[in-house]
Amino acid sequence: MKNGNLKQMSLFQSENNRCKPKEPVLISLCFLGVPCRWHGRRARKRTGLIEKLGKKYVLVPVCPEQLGGMPTPRTGEYLSGTGARVLDEGLAIYAPETGEDVTKHHIDGGNYAVEIGKIVGACRAYLKGGSPSCDREGVTGELLKRAGIKVIRVP
Ligand code: SF4
C-alpha cells in the first residue's frame, strides 16, 4: 500500500483498540442544558439521563426548532393535534403571540433531524415529551418514526 493511502486510512481508524464503536442515538439538545428552548433560558441539564445513555451510546444532540430556522428565544407553540395531522392533513401550527404560521419551520427542522439521524446511522432518538416538535407525537417525532428511527419519549 502506498504511503498516501496509509495516511488517509489512519484518519478513519481509532488509534487503539479500547475505542470500541458505540451506537449513535439522537437526543433533544435541551436535555444537555443548552439554552435552546423557546424561552431562551437554560433548561435543567438531565445529568442522570446523559450519563446513563452516554455509557451505551454516542449522543448526537439536535434541536429541530433551531434547525428549522426558528430564533431563540421564540414563540411557544402548542400543537393542537399530532405531527401526523400536520404532515398528512395540513394542520397548521401558529405562534400564539404573533399569529404567524410556523408550520414550515417545524417540518424543516424535523427533516433536518432525520437527515442528521441518517448520516450518523441512528436507529433511535430520545426526545423531549410535550414539545410540538420533539414529542413522539410531534412533527419531528413523526418524521423520525416514518424514517425508521425509533422515538423514545422522555418526560
Ligand atoms: S425543539 Fe426539542 S430540542 Fe429544541 S428546545 Fe424544543 S424540545 Fe428541546
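Computed over neighbours whose Cβ is under 15 Å from that of Asp108, the net charge equals -4, Lys and Arg +1, Asp and Glu -1. Near the amide H of Val58, within less than 5 Å, lie the amide hydrogens of Glu23, Val25, all on another chain or at least 5 residues away, with H placed in the peptide plane. In order along segment 61-77, the Karplus-derived 3J(HN,Hα) couplings, from 6.51 cos²θ - 1.76 cosθ + 1.60 at θ = phi - 60°, round to x, 9, 10, x, 5, 5, 4, x, x, 7, x, 10, x, 9, 6, x, 7 Hz, and Gly and Pro are given as x. Please compute P(r) over all alpha-carbon pairs of the chain, binned at 10 Å starting from zero, and give each bin as a whole-number percent. Here the calculated profile for the chain is 11, 37, 29, 13, 7, 2, 0. Per 0.36 nm of contour for each residue apart, how much would the distance between Arg42 and Val120 grow if the chain were fully extended, relative to their Cα-Cα spacing? This chain segment gains 25.4 nm when fully extended. In the elastic network of the chain, a GNM with C-alpha springs shorter than 10 Å, the most mobile of Gly109, Gly69, Gly141 is Gly69. Phi angles of segment 145-153 translate, via the Karplus equation with coefficients 6.51, -1.76, 1.60 and θ = phi - 60°, into HN-Hα couplings of 4, 5, 8, x, 9, 5, 9, 9, 7 Hz per residue; Gly and Pro are given as x. For the chain, the 222 nm mean residue ellipticity estimated from helices alone, with every DSSP H stretch of n ≥ 4 adding -39500 (n - 2.57) and the total spread over all residues, rounds to -10000 deg cm²/dmol.
In the chain, the DSSP beta bridges split such that about 5 percent are antiparallel, to the nearest 5.
Angle of helix 103-120 to the longest C-alpha principal axis of the chain, folded into 0 to 90 degrees and rounded to 10: 10°.
Using the Cβ-Cβ distance between Ala92 and Val58 with R0 = 41 Å, the FRET efficiency computed as 1/(1 + (r/R0)^6) comes to roughly 0.70. Rounded to the nearest whole Hz, the Karplus-based 3J(HN,Hα) values (6.51 cos²θ - 1.76 cosθ + 1.60, θ = phi - 60°) of segment 27-36 follow the sequence 9, 4, 4, 5, 4, 7, x, 6, x, 9, with x at glycine and proline.
We did not get these values from a lab; they are worked out from the coordinates using the rules stated. Since this is a predicted model, take the numbers as computed values, not measurements. Please note: Cβ atoms are built from the backbone with ideal geometry, for glycine as well, and neighbour counts cover all protein chains shown.
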